[in-house]
Amino acid sequence: MAFTPGNNLTSKVAAGAAVFGAASQAVDTAKNLGAALSNFSSVAGADGVGAAIRSINLPAGGEAIGDLVSAISAFGGDPYANDWRVRLSLPNWSSFRTSPVLKPLKEAGGLVFPFTPTISIKSGAKYSPEPVVHTNYPFNAFKSSDPGTIDITAPMAVEDSGQALYWIAAVHYLRSIAKMFSGFDPKAGNPPPIVYLNGYGNYVFKNVPVAIQSFNCTLPNDCDYISCNVVGSAAGNIAGLADNVSGLADTLGGAIPGISSAAADFSAIAGGVGQVAGLLGTFGIGGTKSGGTAHVPTKSSFTITLIPMYSRTSVRKFSLDRFVTGSYLNNPFGYI
């Protein structure tokens, strides 16, 4: 049977060509990836990815600067001790610190809400009624305390392209910390990162470890939109190209009899290059590439729900006496 390329194949070829053109300027990255590909081809299967990474002078296992120990926040209270504005820190992970999209937040010391947000906090205690025969009142047995969620409603106004890039970074950050590590991530299988919430001084929010439960933003139709030029990772573009090449090989292998084995091998090599390129982007290697133009509303509002996240170890060591007397003010993370 004659092979006729379908729309799926055509679109993959077109997408691959577009990404290849976008990544062509990343010359140094391409050279490193070429060396990595040569090394990868001598090791069959996905097991060669680690060797490929090491072959381009990354430390063994890809530990950029020891980040694999933890993906929690690196934000400390001291650099911003006198800044009472509400802020969420950046996670202590290379991709967050080196992301060109998140650069405005890194320069600001985290996601600082530029306008005073509305914040709702709550605390509660749970009791379980224990009915007793022939009594007028039940006995309430204490079960647990609950710090409750922290709800933030933050207005966002944008007046120029610089503020528009900050808006883009804020949205991208809030989307990112709601996602887990998966796929070929070095920390695949880990839940979304934990960040620190600070604001309004030591007895309100001081290094409170939180995870994002939900994020909402409405793009209104009754305001102007400001354009801004965004950037992305050049290594990420190459990873996208490798994904397209791998998908093309899979399509050809399934459509043309007799080449399925060769197509599978080619797909595996392309997939390995994509993994290496993706890790390069994670560690900030490969530079940036234009991502085109984005349009941002001049007025909008973020609604964020945060959950306090305390480890079992910290909960076991918690002392109500220390909490009441304010002895936890200098703790690495704050109790609320």
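The mean sequence distance of close C-alpha pairs (under 8 Å, at least 6 residues apart), as a share of the length of the range 104-206, puts its relative contact order at 21 percent.
Applying 0.36 nm per residue to the separation of residue 135 and residue 231 and subtracting their alpha-carbon distance, the gain on full extension is 27.6 nm.
For the pairs 126/187; 187/299; 122/299; 106/143; 179/299; 126/206, flag any whose C-alpha to C-alpha distance is greater than 32 Å.
Working: 126/187 35 Å; 187/299 37 Å; 122/299 29 Å; 106/143 41 Å; 179/299 26 Å; 126/206 25 Å.
As for pairs spanning more than 32 Å Cα to Cα, those are 126/187; 187/299; 106/143.
Excluding residue 105 itself, what net charge comes from residues whose Cβ is under 15 Å from its Cβ, given Lys and Arg +1 and Asp and Glu -1? Charge balance in the 15 Å sphere: +4. Taking 0.36 nm per residue of sequence separation and removing the Cα-Cα distance, the residue 143/residue 317 pair yields an extension gain of 60.8 nm. Full extension of the chain segment joining residue 307 with residue 107 gains 69.4 nm, where the gain is 0.36 nm per residue of separation less the Cα-Cα distance.
Extending 7 Å from Cα along the Cβ direction at residue 222 and again at residue 84 yields two label points whose distance is 3.3 nm.
Just so you know, all these numbers are worked out from the coordinates, no wet-lab data involved. Note that the structure is predicted; figures quoted are calculated from it, not measured. In this analysis, Cβ positions are derived from the backbone assuming ideal geometry, glycine residues included, and neighbour counts consider all displayed protein chains.
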